[in-house]
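The values are calculated or read from the model by the stated rules, or taken from the named source; none is laboratory data. Quick caveat: nothing in here was measured; it's all calculated off a predicted structure. Neighbour counts are summed over all protein chains in view; Cβ atoms, including those assigned to glycine, are modelled from backbone coordinates with ideal geometry. All accessible areas refer to the heavy atoms of the entire protein, side chains included, with ligands and DNA or RNA removed. Shrake-Rupley method; radii C 1.70, N 1.55, O 1.52, S 1.80 Å.
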Amino acid sequence: MSTSSKILFRKFLKWRYQNISNKQFTNIASAIIGLLAGLGAVVLKNLTHFIQQLLEGKFIKEIHQAFYFIFPIIGLLIVLLIIKYFIRKKVGHGIPSTLYAISKQKGIMPSHQMWASLITAPLTVGFGGSVGLEGPTVATGAALGSNFARFFHLNQTTRTLLIGAAAAGAMSSIFKAPIAAIVFAVEIFSLELTLASMIPLLLASITAVLTSYFFFGDDVLLHFNLQDKFQLNDVLFYVLLGVSSAAVSIYFSKVYFAIGGFFKKIENPYKKLLIGGFSLGIIVYFVPPLFGEGYETINSILKGNTANVITSNIFHTASDNIWVIVTLLVGLILFKIVATSFTFGAGGIGGVFAPTLFTGSVTGYVFATIINYSNLFSHQLSLTNFAMVGMAGLMAGILQAPLTAIFLIAEITGGYELFVPLMIVASISFIVTKRFIPHNIYAHELAKKGELLTHNKDRNVLMLLDLDKLIETNFVLLYPEMTLGDVVNTAVVKSSRNHFPVVSKENDFLGILTVNDIRGIMFNKELYDTVKVHSLMHAGSDIIYYEKDSAEDILDKFKRCGAWNLVVLKNGKYFGFISKSRLLTAYRRKLIDVTA
């Protein structure tokens, strides 16, 4: 900013502080963020469609089938080169990177995240990467919200709220489902749902969905017309679908974690590209419905038209045998997450929301088809209704967002006709999946490190504490060979502390010496030269490990040992102390900041 711009900006801030309350400014900011998130969704979608249209041009279309596996590799290579030579910074995977920013970065997201996904995600998906655009859209909006808050010097609580508002705006724009978008922001980002937070989320969701209507009109992502009403006889089958959805959700998550773990062991990005890219290319070559997001397949399933889905393969297999059709559809369920995981492993940028909906729709359709053609029941199920409700089951299981699943599908169907089956399937799928997969795909890595924000306010406050500010390092160091006289003259006399760390010459922690340990002999000068520190020191009550202990772990250690001060080791060496009083004082201050 130029000098004149800075002066004008300072004047604006001064005027804002004098004339607009924080609450009013937050509401205004939320509406703006919703608009920006909506525009981000429009840009992402249009760029992706533009790339797909280029690949379907006359010349390319003629070689498209023969060289189907080439396109994903080309797209992933372009993404890799752009990140390495143009962006030159890490581009996070959508929602997980946003959760990390909230949990560990005080809601601060790098400025390049505002535009990086706008380039890399369309290239990934447009060239056939089997991932979705929802995650990058949310991440783009969240980065806009975070940097908007930083620009206007808003506090951490407001910054986090604007990130949630951006997420709500992104989802509202994509699906034209403003209520579900608000629920999504609350469930996934663990926002406190109060009147103060509800209004900003609502405003962002409204402006974003209006932006979507302005650019896309009445066109919607998922096309579904409710033809069959819910019947009481269907309840048992919806219960079974809930269990089936949980089983598929567990499979989906396990495969995602396993393939992701495999690629994490590979350090060379080009090796990742070759392994992941070629594997993905082979899969989409034999199973073209796995190419890209998959919404074309989802919409075919929701219309009950599986002919295009089944015949869309390298062998152009067409069959009237229902069990052949079921087998091919089960193949889509099994291989969709494999293709998605290879896309991520190769370095692609995208999200898992679309793959979840894809797998859910096919799961519900297959389940209803098996029941209808098994001849075990006289009752016939609605294939399209079960396909739609199946999406809710997978969202509740994989994303562990049952309320989002219920309200999103309810809004897409244009009413509450399927509300009861949605509740049945979503709740069962969530409960069963949670038993085997404690945390959703977005939060898995953070949860393993104990860095995940949840709806537990006390735990969240502890997680937001800056441990570096709690560690005190201004202690006089003692060495085991020092005498009592040295301790009195160099430590006790010159320090206001009543405890001192004993370390080796290499700074290895050996023990602690307190004033109480020498109180009875510290004035006996006859012992000054004979008594050594190593004979007086004692082990610490417990040890805090800088690299792995969270604030919650530290508080637990204080509770267990009853000490008021615990030593901190960093890289195995003595680093400092944390006191219980300092920890609790910081906790109280942070609690006030968070709830203000």
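Hey, among the residues in the range 246-270 that are among the hydrophobic types (A, V, I, L, M, F, W, C) and closer than 15 Å to Thr340 by Cβ, which one's surrounded by the most Cβ atoms within 10 Å (Cβ to Cβ)?
Among residues in the range 246-270 that are among the hydrophobic types (A, V, I, L, M, F, W, C) and closer than 15 Å to Thr340 by Cβ, the one surrounded by the most Cβ atoms within 10 Å (Cβ to Cβ) is Phe252.
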Counting only residues in the range 182-195 that are in contact with a Leu (Cβ under 8 Å, 6 or more places away or on another chain) and part of a helix (DSSP H, G or I), the one surrounded by the fewest Cβ atoms within 10 Å (Cβ to Cβ) is identified as Glu187
Against the definition (in a loop (DSSP other than H, G, I, E, B) and surrounded by 20 or more Cβ atoms within 10 Å (Cβ to Cβ)), how does Glu293 come out, yes or no? yes
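Residue by residue, here is whether (1) under 25 Å from Ile119 (Cβ atoms); (2) in contact (Cβ under 8 Å) with a residue 60 or more places away in the chain; (3) touching a strand residue (DSSP E or B) at 6+ places or on another chain (Cβ under 8 Å); (4) in a loop (DSSP other than H, G, I, E, B) holds:
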site	(1), (2), (3), (4)
Ile333	no, yes, no, no
Thr340	yes, yes, no, no
Ile349	yes, yes, no, yes
Ala354	yes, yes, yes, no
Phe358	yes, yes, no, no
Ser361	no, yes, no, no
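Residue-by-condition table, conditions (1) open to solvent by less than 30 Å² (accessible area, probe 1.4 Å); (2) of a type in the set (A, V, I, L, M):
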| site | (1), (2) |
| --- | --- |
| Leu226 | no, yes |
| Lys272 | no, no |
| Phe286 | no, no |
| Pro289 | yes, no |
| Ile301 | yes, yes |
| Asn305 | no, no |
Here's a check for you: in the range 382-415, which residue that is open to solvent by 10 Å² or more (accessible area, probe 1.4 Å) and more than 29 Å from the chain's Cα centre (by Cα) is modelled with the lowest pLDDT? Gly415
For the structure I just gave you, tell me whether Ser205 is small (Gly, Ala, Ser), closer than 30 Å to His379 by Cα and surrounded by 15 or more Cβ atoms within 10 Å (Cβ to Cβ). no
Scope the range 131-170; condition assigned to a helix (DSSP H, G or I) and open to solvent by 10 Å² or more (accessible area, probe 1.4 Å); matching residues: Leu144, Asn147, Phe148, Arg150, Phe151, Gln156, Thr157, Thr158, Arg159, Thr160, Leu161
Report, ordered by the first and then the second residue, all pairs with beta carbons closer than 6 Å, sequence separation of six or more or different chains, a first member in the range 224-249 that is under 15 Å from Met395 (Cβ atoms), and a second member that is open to solvent by 50 Å² or more (accessible area, probe 1.4 Å) and at pLDDT below 90. none
Sole exception among (1) open to solvent by 20 Å² or more (accessible area, probe 1.4 Å); (2) farther than 30 Å from Leu161 by Cβ for Tyr238, by number: (1)
Under the condition of being modelled with pLDDT under 90 and aliphatic (A, V, I, L, M), which residue from the range 555-576 is nearest to Asp466 (Cα to Cα)? Leu555
Per the list (1) under 26 Å from Arg435 (Cβ atoms); (2) buried (at least 23 other Cβ atoms within 10 Å of the Cβ); (3) touching a Ser or Thr at 6+ places or on another chain (Cβ under 7 Å), residue check on Ile333 breaks on (2)
So Glu56 ticks every box in (1) at pLDDT 85 or above; (2) farther than 30 Å from Phe257 by Cβ but one. Which box is left unticked? (1)
Expected output for the range 460-479 (first residue over 29 Å from His538 (Cα atoms) and open to solvent by 20 Å² or more (accessible area, probe 1.4 Å), partner of a type in the set (Asp, Glu) and not in a loop (DSSP other than H, G, I, E, B), Cβ below 9 Å, 6+ apart or cross-chain) is Met463/Glu552; Leu464/Asp593
Could you tell me whether the range 113-123 includes any residue that is assigned to a helix (DSSP H, G or I), farther than 23 Å from Gly34 by Cβ, open to solvent by less than 10 Å² (accessible area, probe 1.4 Å) and hydrophobic (A, V, I, L, M, F, W, C)? no
Yes or no: Ser103 open to solvent by 20 Å² or more (accessible area, probe 1.4 Å) and of a type in the set (Gly, Ala, Ser)? no
Could you list, in sequence order, all residues of the range 519-546 that are farther than 18 Å from Leu583 by Cβ and touching a strand residue (DSSP E or B) at 6+ places or on another chain (Cβ under 7 Å)? Tyr528, Asp529, Val531, Lys532, Val533, Leu536, Met537, His538, Ala539
Only residues that are open to solvent by less than 10 Å² (accessible area, probe 1.4 Å) and more than 17 Å from Val138 (Cβ to Cβ): list them for the range 346-362, please. Ala346, Phe358, Thr359, Gly360, Ser361, Val362
The range 391-430, residues that are acidic (Asp, Glu) and either out of contact with any helix residue (DSSP H, G or I) (no Cβ under 9 Å at 6 or more places or on another chain) or in a loop (DSSP other than H, G, I, E, B) (or both): Glu417
